Amino acid sequence: AMPKGSFKMYFTTNHDENSWNGTVFERFGEGHLAYAALSFTIDGMPLVYSGQEAGLDKALAFFEKDEIDWGDYAYQDFYSTLIFLKRTNQAMWNGTYGGAFERLSTTADESVYAFTRLSDPFGIVTVVNLSDEAVSFSFESDIPEGLYRCAFHEELLLSEWADGEIEMEPFEYHVFHSK
């Protein structure tokens, strides 16, 4: 239904969700960062709502001036990392400018959502446990070759991590990037 060349927009919260359905913490609980990582790396435009980087944990009044406490930026590093990757890794660019999306099959697809976006020589591999339980799995799809480092744990390499059975904690997420 979207015109060719349109950018899908993804978010975990916005003014409607926050005001009427609760904070991102109330709706996603411990999974709020996993879902945010997914919204940044999937093929579309991520949206960040006022206060997400500060850990906004209250519903804002919809029709009243309701200020955000900007004293702490608990998630600034998390969002800065994703924004930096979005800007510098062509695989994460929007629409036809970014890498093609391909779902990776795992032995735990009911809990694990994994995919690649490749735009030579750039690439990302996102792996997210969307479950509130630990999961063990292996990849059934081939993962890209090359040097892919985890954006949040630079010492973690995709080639080493994805060799054999993988254990992920509840709502654990990894965004591996090349280049």
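The values are calculated or read from the model by the stated rules, or taken from the named source; none is laboratory data. Since we're looking at a predicted model, the values are computed, not measured. Methodologically, a virtual Cβ is constructed for each residue, glycine included, from the backbone with ideal geometry; neighbour enumeration extends over all protein chains shown. Surface accessibility is based on the protein's heavy atoms, side chains included, excluding ligands, DNA and RNA. Shrake-Rupley method; radii C 1.70, N 1.55, O 1.52, S 1.80 Å.
A few remarks follow.
- Scan of the stretch 53-68 for residues that are open to solvent by 20 Å² or more (accessible area, probe 1.4 Å) and outside any loop (DSSP other than H, G, I, E, B), ordered by number: GLU53
- Some residue of the stretch 16-39 being open to solvent by 80 Å² or more (accessible area, probe 1.4 Å), in a helix (DSSP H, G or I), of a type outside the set (Asp, Glu) and at pLDDT below 85: yes
- Residue match in the stretch 101-124 (condition: closer than 16 Å to ALA162 by Cβ, more than 18 Å from the chain's Cα centre (by Cα) and among the aromatic types (Phe, Trp, Tyr)): no
- Within the stretch 98-121, the set of residues being open to solvent by less than 60 Å² (accessible area, probe 1.4 Å), hydrophobic (A, V, I, L, M, F, W, C) and part of a strand (DSSP E or B) comprises LEU104, VAL112, ALA114, PHE115.
- Number of the condition not met by ASP43 [criteria: (1) within 17 Å of VAL175 (Cβ to Cβ); (2) touching a Lys or Arg at 6+ places or on another chain (Cβ under 8 Å); (3) open to solvent by less than 20 Å² (accessible area, probe 1.4 Å)]: (3)
- Test result for SER131, polar (S, T, N, Q), in contact with a Ser or Thr (Cβ under 9 Å, 6 or more places away or on another chain) and open to solvent by less than 50 Å² (accessible area, probe 1.4 Å): yes
- Checking CYS150 against (1) in contact (Cβ under 8 Å) with a residue 40 or more places away in the chain; (2) open to solvent by less than 30 Å² (accessible area, probe 1.4 Å), the condition it does not meet: (1)
- For the stretch 69-97, a residue qualifies if it is hydrophobic (A, V, I, L, M, F, W, C) and either farther than 24 Å from LEU38 by Cβ or buried (at least 16 other Cβ atoms within 10 Å of the Cβ) (or both), and the qualifying residues are TRP70, PHE78, LEU82, LEU85, ALA91, MET92, TRP93.
- Members of the stretch 153-179 that are surrounded by fewer than 19 Cβ atoms within 10 Å (Cβ to Cβ) and in a strand (DSSP E or B): LEU157, GLU167
- Screening VAL128 against (1) under 30 Å from ASP142 (Cα atoms); (2) assigned to a helix (DSSP H, G or I) leaves a single unmet condition, (2).
- Candidate set from the stretch 15-44 (those that are in contact (Cβ under 8 Å) with a residue 24 or more places away in the chain and polar (S, T, N, Q)); member that is farthest from GLN90 (Cα to Cα): SER19
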